[in-house]
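S.K.: Let me begin by handing over the structure; questions about it come next.
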Amino acid sequence: MLQLAASWSGGKDSCLACYKAISAGFEVSHLLNMVNRDAKRSMSHGLNARLIAAQAQAVGIAMVQKEVTWDTYEKGLKNAVCELKKKGVAGMVFGDIDLEEHKDWIERVCAELQIKPIMPLWGAAPEQVLQEFVAERFEAVVISAKSDYFGQEWLGRKVDQGLITELQALANEKGIHICGESGEYHTFVTAGPLFKQQVKILRSRKVLRDSYWFLDILSWGLD
């Protein structure tokens, strides 16, 4: 059985990809989360690093968090994976869907690390990815949204059938990627079949920063 680390943002796509890899018979021994060295927030979604660590605790898979900048991102990831290889990790699972440049980067980096890239969502219809996430009974909320397309009322909304319908309308009207693959919006997963506990958001605030609405989660707990 191939032992994997999962590239982990805390959002729906990385979570579903990890779940599908495990369902396919892979062993995911670690979650790898890259953290902004200065802001102490996840590089991809801007989430509090301690919140991501609590999410990993709820999942029950060991987490490795690596502090980097955008300039040192690749080097930091490689260093983290080299350490994980010593623990038996021989591949990484990624939640990418259809951005070719991301796939090219993943394949190059994994080749240089001599590990196998696993991309369970690659090539799937984006709407189908969302439908599968909901059908598997994962629970997630919108935690960031580009203000060009979304108002602050989107923050905190659950990822459900109603949200998918509205996202499809926005995709048709404004050309957004329905899964937010180009960064239009991000999510945070709180529960589901991958989780042993539920993450409870206890206190949050909505802020506008760098043309994005953010749900700044200030306190949380595990149930």
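S.K.: For Glu153, state whether it is among the acidic types (Asp, Glu) and crowded, with 20+ Cβ neighbours inside 10 Å.
M.R.: Details: among the acidic types (Asp, Glu): yes; crowded, with 20+ Cβ neighbours inside 10 Å: no.
In short, no.
S.K.: Name the pairs: first residue in region 86-102 and without any contact (Cβ under 8 Å) to a residue 40 or more places away in the chain, second residue of a type outside the set (S, T, N, Q) and surrounded by 12 or more Cβ atoms within 10 Å (Cβ to Cβ), Cβ to Cβ under 7 Å, at least 6 apart or on different chains?
M.R.: His102/Asp96
Residues are listed down the side, and each one gets a yes or a no for (1) at pLDDT 95 or above; (2) in a loop (DSSP other than H, G, I, E, B); (3) of a type in the set (D, E, K, R):
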| position | (1), (2), (3) |
| --- | --- |
| Met1 | no, yes, no |
| Ser29 | yes, no, no |
| Met34 | no, no, no |
| His45 | no, yes, no |
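S.K.: Separate question: Do you know which residues across region 115-130 are touching a residue at least 12 places away in the same chain (Cβ under 8 Å) and over 11 Å from Leu16 (Cα atoms)?
M.R.: Ile115, Lys116, Pro117, Ile118, Trp122, Gly123, Ala124, Pro126, Glu127
S.K.: Let me ask something additional. Looking at this structure, is Gly180 free of Cβ contacts under 8 Å to residues at least 24 places away in the same chain and buried (at least 19 other Cβ atoms within 10 Å of the Cβ)?
M.R.: yes
S.K.: Something else: Identify, please: which residue in region 21-44 is in contact (Cβ under 8 Å) with a residue 60 or more places away in the chain and under 14 Å from the mean Cα position of the chain (by Cα) and is, among those, surrounded by the fewest Cβ atoms within 10 Å (Cβ to Cβ)?
M.R.: In this case the residue turns out to be Ser44.
S.K.: Moving on to the next point. Can you go through Glu136, Glu101, Glu132 and tell me which one is assigned by TED's automatic domain parsing to the domain that holds His30 and within 19 Å of the chain's Cα centre (by Cα)?
M.R.: Details: Glu136 fails: assigned by TED's automatic domain parsing to the domain that holds His30; Glu132 fails: assigned by TED's automatic domain parsing to the domain that holds His30.
The conditions single out Glu101.
S.K.: Could you please find all residues in region 159-178 being farther than 15 Å from Glu132 by Cα and not in a helix (DSSP H, G or I)?
M.R.: Gly175, Ile176, His177
S.K.: Separate question: Confirm whether Met63 is at pLDDT 95 or above and either surrounded by fewer than 20 Cβ atoms within 10 Å (Cβ to Cβ) or part of a loop (DSSP other than H, G, I, E, B) (or both).
M.R.: Here the answer is yes, as Met63 does meet what is asked.
The values are calculated or read from the model by the stated rules, or taken from the named source; none is laboratory data. Fair warning: this is a prediction, and the values are worked out from it, not measured in the lab. Glycine also receives a Cβ, built like all others from the backbone with ideal geometry; neighbour counts cover every protein chain displayed.
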